[in-house]
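Only one structure is covered here, and it is reproduced in the block below.
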Amino acid sequence: MDRSIAIRADGVSKRFAVHTRKATSLKERLVARRHADERPFYALTDVTLAIEAGHTVGLIGANGSGKSTLLKVLAGILRPTTGTVDARGRIASLLELGAGFNGELSGRENVYLNASLLGLTRRETDRLFDSIVDFAELGESIDNPVKHYSSGMYVRLGFAVAVHVDPDILLVDEVLAVGDEAFARKCLGQISQFQTEGRTILFVSHALDLVETICDRGVVLDHGSVIYDGDPAYATGTLRGLLGTDRNPADDAGTPGLTIGGITVAGEAGEPARDEFVGGDPMAVRIVLDVREDVVGSCHELAAVVMGAGGLPVWVMRVTPDGGLPRLPGRWTVDFVTECPPVHGGFRIAVRVADAAGTTIGAAQGGQTFWVRTGKQGGLVDVPFQVKAEGVEW
Amino acid sequence: MALTEIAEDRARTQTRVRWELLRNLIRKDLKVKYQGSALGFLWSLANPLLLLVVYTFVFQLVLRSGIPAFGFYLLSGLLVWNAFAGAVGAATGAVVGNAGLVKKVRFPLVVLPLTPVGFTAVHFLLQLLVLVVVMLATGYTHLLSPHLLLAVPALGVAMLFTVALCFLVSALNVRYRDTQHIVEIALMAGFWINPIVYSVALVREHLHGGWLYDLYYLNPMAGVVTAMQSALYGQNPTLPGGQGALADPGYLFYLERLGIGGLISGALLLLGMRVYARLSADFAEEL
Ligand SMILES: Nc1ncnc2c1ncn2[C@@H]1O[C@H](COP(=O)(O)OP(=O)(O)O)[C@@H](O)[C@H]1O
Ligand SMILES: [Mg+2]
């Protein structure tokens, strides 16, 4: 294995036997074998993924797309049906906070038990104990039975033990969603500390904004296959497209006589849609809309808003009847022809039609996400800069 | 450090971590069991005491088995049987009962069936201690003979056989939940098949001491129980039927039976570990 790869999955598939009725008794098994009422179900199909040491990768996908299954396979909890998994270094997996805690025992006893499950010796745990209690903010409560803990205390303690295991590779499954905001901040603080320490993190989250900000790579799973692997902003864009969350039904509600039928981004007007651009490429945005006679008079402005991550408007293109917007009812095709600006990220287009008073009479969002790659710094725009740095002795 | 040293060091650490984990899990079970109970461990004496009262009444007074100091005779075989049955019974649910853990955390799964073994071993040793103290305190000195040493190989074989079955049943129960019912019935039958509440002389008599009797002893627990009776009960009174209550007055008979039992248990242990290793790869999926 390449030295720089911390964890790798090679052609990993995972098949689950789905029993129509859960056949776990001997008789049912025998019957099941004969009647073959097991239909195989692939939760993962041919997943290949190599994560370099020190990287933070966001794993996203719809519910049931196989994220947890992939984490379990990487963690060695599930055995892949085909393919191999290789890891370099100690893996800690946070699939569920506080898994293995016993309610009857005190926090202290649970810390020792959990730490030894995760592979720490008693001596190591002794050394880390105070730090764990500090991190979990439990104070005196550490000697109370865990069954009396609030859910916040419970997850903090679970997280505290897991991160003190000193993992080289951390696999995190949606655990940030369980606590309150303070807890989430704390976890994120820990994750960013891990990042600066050069540890490898693979984490599953439904908070796509978070994936965009903290990950250097995004992987999208769909029905058990990796459908995108790369820039996190593209990844979240892909998933939004997949989930249809980039098409807000409320926006589609407009005047009955006005239907915005299609929004296409292409290299040249009239060409098929294109998803990838480099700054400076020719670009044409085509909007097709049907306008009935009774609303033609009110159509005063059509605007195409190009939006980046989180709905941020990046640039806007407008046209009025004076600028060439048709004045007759029927099907209109409006092309905005431009040159792709030197930006970086995944973008979508929203279209708005307004009357003379500026009131919206029709709006729609395009289902297509297109990506622009420009620059090397990784921000939305690449700004030239000079560096001046000096060290001060202290 | 050379690479091999690092590897050895890591292997040593790993082994230590596993033993510590096992110890911690056993301690957890003990703590959970006795937490908040004022009498604590004393309760674990309640079960053998109750059996003592009931069986003494039935076998001594009603059926007139004719075994003197019947209570001591009974407990000599009963304690080790109870430990065996308790461990195997608990091991059946050891993996299934920890589903949450198995599905969410990666840890050495071998500790699961071993935890109930350790748990019952602790109880057994304490019960044994109490029995010996009571025997001596009541002036029962038959156990103070070289026969007492038979307890060492007997408990060794018992341990081997227990661990072997624990691996087997804990793994099989994940896939075939019938296992727990089969185990329950088998343990019940085992209690009566083994010469615990009666003398093995009855078995010998009925089987005419021939090859059927040898076959009977292929069950390792028969060797264990009778050896423990020779070690602790220690006397060989003549029963109304004219036979001695013990299986044999000497040592060699027991060592031979224990040797066979040990071989069978060893083979079963290899099988159990293989089955466990094979099936444990899919525990997380099947639970
Ligand atoms: N042990 C199992 N047996 C059968 N099916 C399973 C098992 N675990 C997960 N699945 C199925 O695999 C699919 C992927 O599940 P999962 O990895 O939990 O998805 P995600 O975490 O992305 O929501 C789901 O359809 C789920 O029902
Ligand atoms: Mg999941």
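The values are calculated or read from the model by the stated rules, or taken from the named source; none is laboratory data. Predicted, not measured: the structure shown is a model, and the values here were computed from it. All Cβ positions, even for glycine, are placed from backbone atoms using ideal geometry, and neighbour counts span all protein chains on display. Heavy atoms of the whole protein, side chains included, go into the accessibility calculation; ligands, DNA and RNA do not. Shrake-Rupley method; radii C 1.70, N 1.55, O 1.52, S 1.80 Å.
Within region A:296-324, the set of residues being in a strand (DSSP E or B) and of a type in the set (Asp, Glu) comprises just one member, A:Glu301. For the residues A:Leu70, A:Leu78, the requirement of being assigned to a helix (DSSP H, G or I), touching a residue at least 60 places away in the same chain (Cβ under 8 Å) and within 16 Å of ligand 1 (Cβ to nearest atom) singles out A:Leu70. Is it the case that B:Ala186 is touching a helix residue (DSSP H, G or I) at 6+ places or on another chain (Cβ under 8 Å) and part of a helix (DSSP H, G or I)? No; evaluated as a whole, the condition is false for this residue. Within the span defined as region A:93-101, one or more residues are more than 17 Å from A:Phe203 (Cα to Cα), open to solvent by less than 20 Å² (accessible area, probe 1.4 Å) and away from ligand 1 (no atom under 13 Å from the Cβ). Checking B:Leu168, B:Leu150, B:Leu155, B:Leu172 one by one, the residue that is crowded, with 24+ Cβ neighbours inside 10 Å and either over 29 Å from B:Phe70 (Cβ atoms) or away from chain A (no Cβ under 14 Å) (or both) is B:Leu168 and no other. Any residue in region B:218-229 that is free of Cβ contacts under 8 Å to residues at least 40 places away in the same chain, surrounded by 18 or more Cβ atoms within 10 Å (Cβ to Cβ), part of a helix (DSSP H, G or I) and away from chain A (no Cβ under 14 Å)? Yes; the residues of region B:218-229 include at least one that is free of Cβ contacts under 8 Å to residues at least 40 places away in the same chain, surrounded by 18 or more Cβ atoms within 10 Å (Cβ to Cβ), part of a helix (DSSP H, G or I) and away from chain A (no Cβ under 14 Å). For region A:379-388, the tally of residues that are within 28 Å of A:Arg217 (Cβ to Cβ) and loosely packed, with under 10 Cβ neighbours inside 10 Å stands at 4. Consider region A:101-116 and keep the residues that are touching a residue at least 24 places away in the same chain (Cβ under 8 Å) and assigned to a helix (DSSP H, G or I). The one that is farthest from the other protein chains (Cβ to nearest Cβ) is A:Gly107.
When you scan region B:265-273, do you find a residue that is at pLDDT below 95, crowded, with 17+ Cβ neighbours inside 10 Å and hydroxyl-bearing (Ser, Thr, Tyr), even just one? Please lay out each step first, then the result.
Let us first name the residues in region B:265-273 that are at pLDDT below 95, namely none.
No: zero hits.
When the criteria are applied in full, A:Val12 meets the requirement of being in contact with a Pro (Cβ under 6 Å, 6 or more places away or on another chain), modelled with pLDDT of 95 or more, within 20 Å of A:Ile227 (Cβ to Cβ) and surrounded by 17 or more Cβ atoms within 10 Å (Cβ to Cβ).
The residue list A:Gly64, A:Gly119, A:Gly83, A:Gly98 contains one member that is of a type outside the set (A, V, I, L, M, F, W, C), at positive phi, touching a helix residue (DSSP H, G or I) at 6+ places or on another chain (Cβ under 8 Å) and more than 9 Å from every other protein chain (Cβ to nearest Cβ), which is A:Gly98.
Conditions (1) under 14 Å from the mean Cα position of the chain (by Cα); (2) within 14 Å of chain A (Cβ to nearest Cβ); (3) without any contact (Cβ under 8 Å) to a residue 24 or more places away in the chain, marked per residue:
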| position | (1), (2), (3) |
| --- | --- |
| B:Leu75 | yes, no, no |
| B:Asn82 | yes, no, no |
| B:Val88 | yes, no, no |
| B:Gly100 | no, yes, yes |
| B:Val111 | no, yes, no |
| B:Leu131 | no, no, no |
